[in-house]
Amino acid sequence: MKKNHMKEMCTEQAGKREVLQGNIAFAVGCVRSGIHSADGYPGTPSTEVIDRGLSQVQDMIKVGWSTNEAVAAGVGFGQTLAGNDAVVTMKIPGLFQAADVVTSSAFFNDPRGALIYYVASDFTPSSTQHLVDPRYLFKSCFLPVIEPASHQDMLEAPGIAADIGRKYNTPVVILASGTLCHSEGLVSLNPVREIPPLSLPETPEDIRKFNLLPTVARVHYDRVMSERMPALQKMVEQSPLNRRFDGDGEIGIITYGANSMFAREAAAALGKDIDILSLGFTNPLPLELIRSFCGSIKGEVYVIEDGYRYIEESLKAEGLDVKGKAELSNCTEWSPELIAQSLGKKIPGRQSIAEPIARPPMICAGCPYRLFAIAMNRLKNRGKIEVAFGDIGCNALLYFMNAIDTGLAMGASESKRTGYSIARPDKAAKCVSVLGDSTECHSGMDATRNTVFRNVAGVKVVLDNYWTAMTGGQPAPSSPVNLAGEKINFNMVKALEGNGMPVVVVDAYDRKEVQKSLREALKRAEQGEFLTLVVRGSCINKVPREKKKIQVEIDKDKCDKCYTCLICPGIEKGEDGFPEFNNLCSGCGGNTPACAQMCPHDAMAPLGQKEEKSSGGKEIEAPPEIEEGSVSADMLPEKLSVAIRGVGGQGNLFFGRVLTQLAFLAGYDETNIVKGETHGMAQLGGPVISTFSCGRCFSPVLMPKSADCLICMEASEILRPGFLDLLKDGGKIFLAKTRIVPNGVLEDQYPDMEKIKSSLTDMTVCEVDVLGRAIELGDPTGRVANVVMMGVLSQAAPFNNIPAALWLKALQNISPTSGIWAANHKAFTSGREMKTE
């Protein structure tokens, strides 16, 4: 039976130490703090709270996905009226989608369950379409805003927020930095508590208090100003979430959230004794505490904040002399390096001779959207389609295939097309709107109804892969089952037809049908009709592994090397010039391969049964029991840091998780362990980085010249700006010989290997063919190449001071099945046998 680690963490004794992702720490904290329910809509970087966390313990908390954030917020509010404490999860754009409910519910002042909005920020941005700072909205709603400053804060925040919500009869915002959400850190489990739902009178008179007719709204507003806000102001001044780290009194920093970790990391690296005031709340601000801090500093007081200038503007309005960002600064997110620069310390970087290759995120090998994208591209090139209005989700990646042009907000593609067509009626049959099924269910169907209502001709395309795929395949109303595994009775096609226009369902893996349906739809649009195409095929990542088999082979007698088939990351030009399938090929999930349909020479023949290639690999014998292992503290350095670069899909995140487990087993749980990583669109074939530190460290984002070693899983990724700068003097680089040429990029555009090596002169470099070794081990997909690299790393100083038994135990702890553990054990052992010099 598969172990439920989430449940274990929710029931373990208080004080047990764990290394947890921020979102998972928050999820664990919800259960351990007695929160009764959670709702939300998937949105990076908030998704894992429900997806990987609370969904695993549905017998301990009521949890589910709603169709959009506004609905989720309404569901959460309804839970509180029944006395439950409720959490609602979303990203910042989702907050604005839910703004009507969030702003209106902010002003009720009567007893109810606590309503907690968990809003995950992304001020990079990695997977968010704008950089709007929501703190101004929260302030105008008089909502208390907690900003966790560590993974421990993420764990404890749900209970603190619930207590505030009940005591002050207010919704509470937890604004979590995307850095904290997706990094991992050391926590000590908080006490488990059981909070019964609030016992509320169930008479109609009491429920009628929760109404916002205009005259009632004024009464509520006045009570907020006279009762709630004075009490909250007093509370934040005394909160233990405000922390001061004393220095020598010469320089001060006022900050909050993940910036607190960055500031401490920068101060430690610079060897400066800086006073840091880390605020637990950004609304209301503890102004008396801040005044006292500013008065104790002899020199400059810097404000370090992400987003816009909320803190700086607030403090200057109070007459405080603080130094914020430069005028018209474009800085929306800090790092330890940027903080060091703001303090006057610039660390020189290394120059690369070669430039890294562009790696736009791409749809997966075997994605059902590919043939549609190719058809759209050709219609655009021929002038049949002039504008394609895109949306949010996997379909947004079709921008890089010239299949869509615009992107704005969830569900907005059809409303954009409608507006464009109203303004230019002659173009109604030359523009198309495109969005995914979950987005259509989220808010897109409103625009569908609007088009019928406004009687605007044109074509709308719903790419139906049955899941909310971009964020990891969460269920939507269009999915076969919901989060609880219950069958969904909603029928999206019938719902679309119910709006009053024709709907045509198309097989996404039938190229001719896709082309024909698009052409016919455009002709009907010319005649003044509005219709919807539903292009249907399951997300390839939800297809059972046994169906992901290479189905065809190249008939070299027929192939004339026209390369028309090179449309997917799973097929590439081989060394002999003929196309060949690589480790990414998924066989289009058992459907007719898209590449075979593109071939004009019928040069792809079905594989014979004996020749069939599978991505599953051979069955591997169970590994032996792991011997006991330990390491003395004097054998380990005070701090260890590693940075890992590669391409989305190579297993960087797994690599980092093994390192955190290893550090925990090696005894670094007595100091600190942190790990950072790239999430969002870049994971889909784009450049990704994972960072790891343990010992005397604070931040998951590394300072330059702090990494003991750099690991590069794809050769050209070593050239990414800033990566070589992370390596400390005397550090070592482990460079995989793997070359991944992005789909659509010519071979001669890939950086020359000699130039790559020339960029690494005066550095200690170990080149290893980890992909080749993985394939030799019987894994044609090369999925265990990252584990082979772990074996290589385990042989190099200072990591070779940690016994192999601890490496294997760490690997076993996060291998989800016995089969994966067996494959990982074999790959790690083989990696230890490879030369590292």
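The values are calculated or read from the model by the stated rules, or taken from the named source; none is laboratory data. These numbers come from a predicted model, not from an experiment. Glycine gets a Cβ as well: all are built from the backbone with ideal geometry, and neighbour counts include every protein chain shown. Ligands, DNA and RNA are stripped out before the accessible areas are found, and what is left, the full protein with its side chains, is counted by its heavy atoms. Shrake-Rupley method; radii C 1.70, N 1.55, O 1.52, S 1.80 Å.
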Please report Rg (one decimal) and Dmax (integer) in Å for the Cα set of region 45-146. 13.7, 39
What does the convex hull of the Cα atoms come to per residue for region 538-584, in Å³? 92
In nm, to one decimal, how far is the modelled label at residue 11 from the one at residue 526, with both set 7 Å along Cα→Cβ? 6.7
Between region 98-115 and region 2-78, what's the alpha-carbon centroid distance in Å? 21
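For region 712-761, how big is the tail of P(r) above 13 Å, as a whole percent of Cα pairs?
Summing the P(r) of region 712-761 above 13 Å gives 60 percent of all pairs.
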Apply the a/c threshold of 1.5 to the C-alpha gyration tensor of region 705-823 and tell me whether it is rounded, prolate or oblate. oblate
Expected vector for region 92-99, Karplus 3J(HN,Hα) from phi with 6.51, -1.76, 1.60 and θ = phi - 60°, integer Hz, x for Gly and Pro, equals 4, x, x, 4, 6, 5, 8, 4
Inter-part distance where region 342-421 and region 489-505 are each reduced to a Cα centre, Å: 28
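Would you mind working out the accessible area per residue for the chain, using a 1.4 Å probe, and quoting it in Å²?
Working: 34470 Å² over 837 residues.
Per-residue accessible area for the chain comes out at 41 Å².
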Note, region 577-594: 3J(HN,Hα) by Karplus (6.51, -1.76, 1.60, θ = phi - 60°), whole Hz, Gly/Pro = x, goes x, 7, x, 9, 7, 10, 5, 8, 4, 10, x, 6, x, x, 7, 4, x, 4
Whole number please: convex hull volume per residue of the Cα set in region 1-72, in Å³? 99
For region 652-778, which whole percent of the accessible surface, found with a 1.4 angstrom probe, sits on carbon and sulfur atoms? 49
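Using the structure shown, list the pairs from 548/835; 3/548; 548/737; 139/346; 91/427; 91/542 with a Cα-Cα distance above 30 Å, or answer none. Spell out each step's value before the answer.
On the way: 548/835 34 Å; 3/548 26 Å; 548/737 26 Å; 139/346 36 Å; 91/427 35 Å; 91/542 24 Å.
Beyond 30 Å: 548/835; 139/346; 91/427.
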Suppose R0 equals 60 Å. What FRET efficiency, 1/(1 + (r/R0)^6) with r the Cβ-Cβ distance, do residue 767 and residue 327 give to the nearest 0.05? 0.80
Pairwise label distance in nanometres, residue 347 with residue 829, each label 7 Å out on the Cα-Cβ vector: 4.0
Compute the Rg to Rh ratio over the chain from the alpha carbon atoms, using the Kirkwood formula for Rh, and round to two decimal places. 0.97
Can you give the Rg/Rh ratio of region 120-256, where Rg is from the C-alpha atoms and Rh is the Kirkwood radius? 1.02
As a Kirkwood estimate from alpha-carbon pairs, region 619-751 has a hydrodynamic radius in angstrom of 16.2
Using the Cα gyration tensor of region 434-576, the equivalent ellipsoid's semi-axes, largest first and to the nearest Å, work out to 33, 23, 11
Fraction of accessible area attributable to carbon and sulfur, region 419-500 (%, probe 1.4 Å): 50
Using the basic label-point model (7 angstrom from Cα toward the beta carbon), what is the residue 557 to residue 754 distance in nanometres? 4.1
Amide hydrogen neighbours beyond the local backbone of residue 253, cut-off 5 Å, H modeled: 275, 276, 277, 302
With bins of 10 Å, the percent of all Cα-Cα pairs of region 433-505 per bin from 0 is 19, 52, 24, 5
Here the relative contact order (percent) of the chain, from C-alpha pairs under 8 Å and at least 6 apart, is 11
Let me know the whole percent of all Cα-Cα pairs from region 497-631 that are separated by more than 25 Å. 47
How much of the accessible area of region 306-413, probe 1.4 Å, is carbon plus sulfur, in whole percent? 51
Show that you can apply the helix-only estimate: for the chain, add -39,500 (n - 2.57) for every DSSP H stretch of four or more residues, divide by all residues, and state [θ] at 222 nm to the nearest 500. -9000 deg cm²/dmol
Given charges of +1 on the Cβ of Lys and Arg and -1 on the Cβ of Asp and Glu, with all other atoms neutral, how large is the dipole of region 512-573 about its Cα centre, in debye to the nearest 20? 240
Pairwise FRET efficiency - residue 483 versus residue 633, Cβ, R0 = 45 Å, nearest 0.05: 0.50
Would region 44-89 count as rounded, prolate or oblate if I go by the C-alpha gyration tensor, calling it rounded below 1.5 in a/c and otherwise prolate when a/b exceeds b/c, oblate otherwise? oblate
